[in-house]
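The next block holds one structure in the form of structure tokens; read it before the comments.
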Amino acid sequence: MKSATHVFAGLAAVIGANALELTDRSIGSNNTHSPERPLAHLTPSAGWMNDPNGLFYDNETSTYHTYYQYNPNDTVFSLPLYWGHASSQDLMTWKDHGVAIEPRDDQSGAFSGSIVVDHNNTSGFFNDSTLPGQRIVALYTEHSNTSETQYAAYSLDGGYSFEYYEQNPVLDINSTQFRDPKVFWHDETQRWIMALALSQEYKVQIYSSENLTSWEFQSNFSHHGILGYQYECPGLAKVPVIHESPSNVTLHGLNSTTNATAQTNVTSVDHKWVMFLSINPGAPMGGSFNEYFIGDFDGKTFTAQDSATRIFDHGKDFYALQTYSDAPNDDVLGIAWASNWDYGAYVPAEDYRGSMSLVRNFTLRPYNPNPETTEFTLYSEPLVNYTQLHTNQSMHKTSLELNSDESVLYRLGKYPQGLLEFSVEWKVNATAVLSKRDFADMSLYFKGVKDDEEYLRLGYEHNAAAFFLDRGNSEVEFVNQNPFFTNRVSQNIEPFKIAEDGLPIFKVRGIIDRNLIELFFNDGSSTSTNLFFLSEENYIGAVEITSGVDDVFTILDFDVKQLSVKN
């Protein structure tokens, strides 16, 4: 085995060369070479992608950098595992920079971690030749079959090539299940904070440091939430609070302002701390998922405000959420792997497998889960850069009364590319539901342009007070044969608001990108991210709206855009 110093000397040279040969994953090359590749989501040029890693924003060049778990040698997870690297100035189009960080040898992996910008050179890795906003330090897990230790690497060119810290590891507790460090600067204590998982002991360990290389243990956050098999990819973020009356009500037309006995955990603060956790396996919906906890952090200990487990994203395909360092305006921006460990290695693929979600902006806002309670809830807003999108065709309708004997069909052009955005807001007249035995649904069928017998169905059913997504109407063999790729997912959502006539109103926004749908309910109080697969190039070409009952559903506002990404 080569020494760490020799390995890094070679690595810096190789990666420096790669950085000069940027592969611009433009939309044209996507269409030509990979007709099923998402257009506005980050994917690897080839090979396997899973967890997002060191995420940061370079203020000097106005560039977002995203690294990720990467196997360039195959389309499945296996060792050796690397960090891949892509960058973007608009979060819609990405440039692929190849391998950023390599493991020590072919039997090990550069597992998940994070990147910080060491503006004040606390590490001593830099001199004045590196701008403060480009003093990039990566901290990640070096994995082997016998150990997991934490390594540091630094970049002198803004994150395109890295050199190993010669005295690695920076943290070793003699464990094989000790990984995924998330590091950030804590203003109040003027120290770096590291949160990482002692995975199979169900602990998030918190360490602090003055210099990124010497770490002092502070506390454990242990045995909280749904435990599953193990903890992975923890994170801590200081999330801004938006103080407003809860934007939603309940099916009883009540909220905390109309119910004098309502309980509340909402306090007058400008931020709260949020602990993110990834669990795999053990999701209530199967496979892998993210949960989060709201509380306070004093630089040593995270204290949850309650014992509640809050699921972040109720879909099947959102995992290993991580947030960006140095995001503009101190926003809390995050991205996740858009897949599931139950079936991620089996989804249809050509020369690559894996994609990321859209980047989301997170805030905490009051929300009414029922008439008796108001709680803080993590809201998500997708960052969609419309300056990089061209609207090929659009449709906007209002005041549509739905009945069971006829549907409303909108065709979205002859040559869709698979990227569309829609929003729909509707009112429910529950008094018109004749029986609890009725399946009182409103459904949107997103139909394939070549074969409309293949479709994605999104619906709301009144008696269950729940949304559902059906992704099983496909001729693709994987969809029909893989038992873990469950066809249907659902979630209960309270109304968005109450109309002047006293009837509840619901709202959903969705973004479909070839084989991926991201749903944002009630302005992002709840989300659902899911893969789906139709036959090759059978992109969504029409939307049909139906109702299973009469005089119950009125669409107040419906908007859909067929999009493409500008070259």
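The numbers here are math on the coordinates, done by the rules we state, and not lab data. Keep in mind that this is a model prediction, so the values were computed, not measured. Methodologically, a virtual Cβ is constructed for each residue, glycine included, from the backbone with ideal geometry; neighbour enumeration extends over all protein chains shown.
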Worksheet entry | Beta bridges per DSSP with both ends in the chain, % antiparallel, nearest 5 | 95
Fill in: Gyration tensor (alpha-carbon) shape descriptor, the range 411-450, a/c threshold 1.5
prolate
Response to the item:
Using alpha carbon centers only, the range 174-211 is separated from the range 328-370 by a whole-angstrom value of 22
Response to the item:
Under 5 Å from the placed amide H of residue 377, counting only residues 5+ away or on other chains, we find 365, 367
Discussion item. Just to check I understand the Karplus step: with θ = phi - 60° and J = 6.51 cos²θ - 1.76 cosθ + 1.60, what whole-Hz values come out for the range 37-51, glycine and proline as x?
Written reply: 6, x, 8, 10, 10, 5, 9, x, 5, 7, x, 10, 10, 9, 3
Discussion item. What is the angle, in °, between the Cα long axis of helix 4-19 and the longest principal axis of the Cα atoms in the chain? Nearest 10 is fine, range 0 to 90.
Written reply: 50
Worksheet item: Hey, which lysines would be in cross-link range of residue 397, C-alpha to C-alpha under 27 Å, not counting anything within fewer than 8 residues on its own chain?
Response: 414, 427, 447, 450, 497, 507, 561, 566
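Would you work out the relative contact order for the chain, in percent, from Cα pairs under 8 angstrom that are 6 or more residues apart? Present the calculation step by step, with values, prior to reporting the outcome.
Details: 1605 pairs, mean separation 80.9, N = 567.
The value is 14 percent.
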Item to complete: Excluding residue 316 itself, calculate the net charge of residues whose Cβ lies under 13 Å from the Cβ of residue 316, where each Lys or Arg counts +1 and each Asp or Glu counts -1.
Response: -3
Fill in: Spatially near lysine pairs across the range 4-382, Cα under 25 Å, sequence gap of 8 or more or different chains
13
Practice prompt. For the range 477-526 and the range 530-567, write down the distance between their C-alpha centroids in whole Å.
Written response: 12
Worksheet item: What does a probe at residue 430 reach in the range 449-476, counting residues whose amide N is under 12 Å from the point 7 Å along Cα→Cβ?
Response: 462-466
